[in-house]
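Taking it in order: structure first as structure tokens, then the write-up.
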Amino acid sequence: MAHAAPQLPAEVWNHVFGYLSAADKFSVRASCKYFKKLVDHGSLWKDWYPPTPGPLRGGAGDLVLSTLELIDCTDHSLPEDAMSLMPGLKSLAVFYKQEVSDRQLNGCHLKTWLSDLPQLLKLVVVKGPPVRTYAPSIPATLTSLTLCVAGLSSEDMAAVAVQVPNLLHLHIDPWPSHLGPLTGQIPRLFPKLKSLKLRREHVPETDFLHLHQLQDLEYLEILDSCPHLSELTGKLRALTKYRLQVTTSRPRRDVLSCPCVSQVY
């Protein structure tokens, strides 16, 4: 005979469940509908980083998560079909330990993960596999994209643009390389941008000023400093009739090792 859950306030249960491991939370949520509803509260999963595929295999089922952040991601962080258990995920941030070469792609599941997330709105990728390998799987629903990866090419950017023509927020930082003249292609590739973050270094003035063609752009952040930057941004703002807000970041950081890039938007 089933027993009703003790009548304690939901806030108390939420506090208690906060002390449980991910595996224990999965066990609790499988015990009854009432506990399932409580355990699925977003506050209990916001810092979750599954170290092995085990918990997901243990019955996550229709786990309702809106945000998932994977730190120091490796081949075995999550199984290839992990995201199929969380189709309602809205935000995914994946921080790889290192760049993934073409020879290591067999163990990288990002392409499959993205294919299984039809409602994804925000994506952050730091390091990881070449963009071209997963760009075709980026869902068209995406509105915010952060790419802090090495070796970004015009082909990579074009492949992403095909998938997300309505992208609104873009943070692109191919450190330690740079966009250079590719910056001038951004208005054509992502015409609906409202906010943009990038580096000015090695970008020809003409290509930088092409950003004024982004008719909906409201916010631009320059992630590095260079001589005469204020003069150059002044020219850009004049071309936009001063509707554009331009800010400059503090001294350069290596975004490929800095966790703050997860707080982009």
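Brief remarks on what is shown
- Taking the accessible area of segment 112-190, probe 1.4 Å, and keeping the other protein chains in place, the carbon and sulfur fraction comes to 60%.
- Applying 1/(1 + (r/R0)^6) with R0 = 25 Å to the Cβ-Cβ distance of L20 and I71 gives a FRET efficiency near 0.80.
- Couplings 3J(HN,Hα) for segment 119-132, derived from phi with the Karplus relation 6.51 cos²θ - 1.76 cosθ + 1.60 (θ = phi - 60°), are 10, 5, 10, 10, 9, 10, 10, 10, 6, x, x, x, 4, 4 Hz, where x marks Gly and Pro.
- 9 Å beta-carbon shell around V149, net charge (K/R +1, D/E -1): -2
- Label point distance in nm, K97-T248, each placed 7 Å from Cα along Cα→Cβ: 3.9 nm
- Two-site FRET efficiency, A238 against T141, from Cβ-Cβ distance with R₀ of 45 Å, rounded to 0.05: 0.80
- Per-residue HN-Hα couplings for segment 197-214 [Karplus 6.51, -1.76, 1.60; θ = phi - 60°; Hz; x = Gly/Pro]: 10, 7, 9, 8, 4, 6, 8, x, 4, 4, 5, 5, 5, 4, 5, 5, 6, 6
- Segment 153-160 - phi-based ³J(HN,Hα) in whole Hz, Karplus 6.51/-1.76/1.60, Gly and Pro as x: 10, 5, 5, 4, 5, 5, 5, 5
- Fully extended contour minus Cα-Cα distance, from R132 to S27, at 0.36 nm per residue: 33.9 nm
- Within the straight-line cut-off of under 29 Å between alpha carbons, the lysines reachable from K235 are K192, K194, K197, sequence neighbours fewer than 8 places apart in one chain being disregarded.
- Long-range HN-HN contacts of V124 with modeled amide H, under 5 Å: L92, A93, V94, T146
- Extension gain, V12 back to A150 (0.36 nm per residue minus Cα-Cα distance, nm): 45.1 nm
- Dipole of segment 205-249, positive direction: furthest Cα of S225, T248, A238, with charges on the beta-carbon: A238
The values are calculated or read from the model by the stated rules, or taken from the named source; none is laboratory data. Everything numeric here is computed off the predicted structure, so don't read it as measured data. Positions of Cβ are generated from backbone atoms using ideal geometry, with glycine treated the same way; all protein chains shown enter the neighbour counts. The protein model used for the area step is the full one, side chains on, heavy atoms only, and it has no ligands, DNA or RNA in it. Shrake-Rupley method; radii C 1.70, N 1.55, O 1.52, S 1.80 Å.
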